[in-house]
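Reading through the structure tokens given below for one structure.
Just so it is clear, none of the values below were taken in a lab; they were calculated from the coordinates. The structure displayed is predicted, hence computed values, not measured ones. Every residue, glycine as well, gets a Cβ built from its backbone with ideal geometry; the counts of neighbours run over all protein chains shown.
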Amino acid sequence: MKMTKVQKKRMLRVARALRESPNPKGFTMSCYVDPNFCGTPACALGHYGSRRDLQKTLKVQIFADKVTARLVFCSDGVPAYYDDEKIMEHFGIDYEQTLDLFGPDGCGKAKTPAKAADFIEDFVLSN
């Protein structure tokens, strides 16, 4: 799938959010928010969703129990999963690409936000 300039910019904002991670040690591609629940983002989409200064499409919703967090679409409050059709449309990627980028083993099984950002930047350059 061919990404537009706008979609590439969005993807690069994901990389920027990762590079500016408030808690790099809490990074994991297995959940949206740090599993130790300090309230900081964990995965690539969690970083993007937590940055209202970079985008207005997704937001992290933290529940009152302080244990549960999810991403929701700002337009309708519907939960956003990494393989959601709206996520694919937002970034101009297909199902396989969304798995490679945002799945539990996404960003080349990155273990740090910097490695995830590198992966995403390389992806944008190759598309």
Exercise for review: Can you list which of the trypsin sites (Lys or Arg not before Pro) found in the stretch 27-99 are DSSP loop residues with at most 10 other C-beta atoms within 10 Å?
Suggested key: K56, K66
**Study point:** Dmax and Rg, reported as Rg then Dmax, of the stretch 32-114 (C-alpha, Å)
**Key:** 12.4, 35
Review point. Taking the Cβ of M88 as the center, what net charge do the other residues with Cβ under 15 Å away carry, scoring Lys and Arg +1 and Asp and Glu -1?
Key: -3
Check your understanding: Among the listed pairs K9/K59; K86/K109; K2/K56, which are separated by more than 20 Å between their Cα atoms?
Key -> K86/K109; K2/K56
Review point. Given H placed 1.01 Å from N in the peptide plane, which residues other than close sequence neighbours of V33 have an amide H under 5 Å from its amide H?
Key: A42, C43
Point to revise | Phi-based couplings in Hz for the stretch 46-59 (Karplus 6.51, -1.76, 1.60; Gly and Pro marked x) | key: x, 5, 4, x, 7, 9, 5, 6, 9, 6, 10, 8, 10, 9
Review point. What number, rounded to the nearest 500 deg cm²/dmol, is the helix-based mean residue ellipticity at 222 nm of the chain, given -39500 (n - 2.57) per DSSP H run of at least four residues and division by all its residues?
Key: -12000 deg cm²/dmol
Check your understanding: Once amide H atoms are built 1.01 Å from N in the peptide plane, which residues 5 or more positions from L71, or in another chain, come under 5 Å H to H?
Key -> Q61, A80
**Study point:** the stretch 20-127: chymotrypsin sites (Phe, Trp or Tyr not before Pro) in DSSP loop, at most 16 other beta carbons within 10 Å
**Key:** F37, F63, Y81
Check your understanding: For the stretch 16-23, what does the Karplus curve 6.51 cos²θ - 1.76 cosθ + 1.60, with θ = phi - 60°, yield as ³J(HN,Hα) per residue in whole Hz, taken in order and with x for Gly and Pro?
Key -> 4, 4, 5, 5, 9, 3, x, 8
